[in-house]
1. Add +1 for every Lys or Arg and -1 for every Asp or Glu among the other residues with Cβ under 13 Å from the Cβ of Gly130, and state the total.
2. Please list 3J(HN,Hα) in residue order for region 33-38, calculated via the Karplus relation 6.51 cos²θ - 1.76 cosθ + 1.60 where θ = phi - 60°; whole Hz, with x for glycine and proline.
3. Less than 20 Å from a label point 7 Å out along the Cα-to-Cβ axis of Ile42: which backbone N atoms in region 86-108 qualify, by residue?
4. Which value results for Rg/Rh of region 89-170 when Rg is the Cα radius of gyration and Rh the Kirkwood radius based on the inverse mean 1/r?
5. Taking θ as phi - 60°, what are the ³J(HN,Hα) couplings along region 152-168 by the Karplus curve (6.51, -1.76, 1.60), each to the nearest whole Hz, with x for Gly and Pro?
6. Report the net charge of residues surrounding Gln94, where surrounding means a beta-carbon distance below 14 angstrom and charges are Lys +1, Arg +1, Asp -1, Glu -1.
7. Going by average Cβ neighbours within 10 Å, how do the peptides 90-98, 44-52 rank, with the highest at the top?
8. So for the pair Ser119, Ser30, with labels modelled 7 Å out along Cα→Cβ, what separation do we get in nm?
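Since every read-out is calculated from the coordinates, none of them should be taken as a lab result. Here the structure is a predicted model, which means the values were calculated and not measured. No Cβ is skipped: glycine too gets one built from the backbone with ideal geometry, and neighbour counts run over all protein chains shown.
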Amino acid sequence: MLYNKNGSNHILILGGEIFNYMEPQNTTFSYAGFWKRFAAFIIDRFIVSIGGFVIGFIFGIPYDVLTGKAEFVGFADDYILSFILSFLLVWIYQTVMESSIKQATLGKMALGIIVTDLSSKRVSFGKASGRYFGQILSGFILGIGFLMIAFTAKKQGLHDKMAGCLVVNK
């Protein structure tokens, strides 16, 4: 048996066969806990609220003037439209940010945490979307899906487990 080390790759020769393998990367990290994640959530909701207000102000006033709804006629229609737009705004914000190179929303970045898959790699847009929709389910069951973060070994909520994600300290 001959063993050579070439940079971070190892070459192992056994019985004339050459095996080349990579040295395992350092996977030491700590999971982000419930309160740190909750604080990031509050920061993100504040940011999205500001963004939603600005977008609503820019587009809402001209829409109301053009449609004649400036007197709050058809309030239910406006409420439904507002709900749909805010849902889309939060989904796009969270999914795009968590699947980006930064792997985190602005709130998570501020607190030094990122979202990864179970292999510590960046999540795809689809996986980040699954995580977002899982958060809705976590909330529907009286927040138990979120409380799981405090009690699981890898600090995963129901939405993290469903999407195969981890939230770790950077």
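1. 0
2. x, 4, 5, 5, 5, 5
3. Residues passing the 20 Å test: 105-108.
4. 0.94
5. For region 152-168, the Karplus curve yields 9, 4, 9, 6, 9, x, 4, 5, 5, 5, 4, 8, x, 10, 10, 10, 10 Hz.
6. That sum, taken over residues with Cβ under 14 Å, equals +3.
7. Those peptides, ordered most packed to least, come out 90-98, 44-52.
8. 2.8
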